[in-house]
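Each reported figure results from applying straightforward, stated rules to the coordinates on display, with no laboratory input. Computed from a predicted structure; not experimentally measured. Glycine also receives a Cβ, built like all others from the backbone with ideal geometry; neighbour counts cover every protein chain displayed.
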Amino acid sequence: MAQAAGGWIIDEYTKADGESPFQTFFHGLTEQRRDDATALLLALREHGNMLRPPRSKKVEDNLFELRGYHQVRIFYLFLPGRRIVVLDGIIKKTDKIPRHDLKRVKQYKREVEGSM
């Protein structure tokens, strides 16, 4: 995703095998949920760390989730230089993030932070 004027740069986490978990998630969404995810990413690119609830919620230190209207949740983190890395997404049906999903995105976060 390109940088908006005065906005943030959004990159995607890519695994060692070249897979982008976010792209896999995004392409599996219905059209309505894809539109929701796209609107969330545009808001994130424009507002960055100023995006607040209900659209963005802190999960833990430097791990956040975008919260869509249609149960779409997108996990991301911030890096220096107004950069954001989108890690993955889920369709969340409860208030609590499923343990296996949280474990997976925390691992992605550690990999991104470890590569700096």
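A few remarks follow.
- Subset of the range 16-46 [in contact (Cβ under 8 Å) with a residue 40 or more places away in the chain and farther than 14 Å from residue 89 by Cα]: 44, 45, 46
- Against the test of being part of a loop (DSSP other than H, G, I, E, B), within 18 Å of residue 109 (Cβ to Cβ) and not acidic (Asp, Glu), the options 14, 24 yield a single qualifying residue, 14.
- Exclusive hit being over 22 Å from residue 15 (Cβ atoms), over 11 Å from the mean Cα position of the chain (by Cα) and not hydroxyl-bearing (Ser, Thr, Tyr), set 67, 82, 99: 82
- Output for the range 13-68, where each listed residue is hydrophobic (A, V, I, L, M, F, W, C), exposed (fewer than 15 other Cβ atoms within 10 Å of the Cβ) and touching a helix residue (DSSP H, G or I) at 6+ places or on another chain (Cβ under 9 Å): 16
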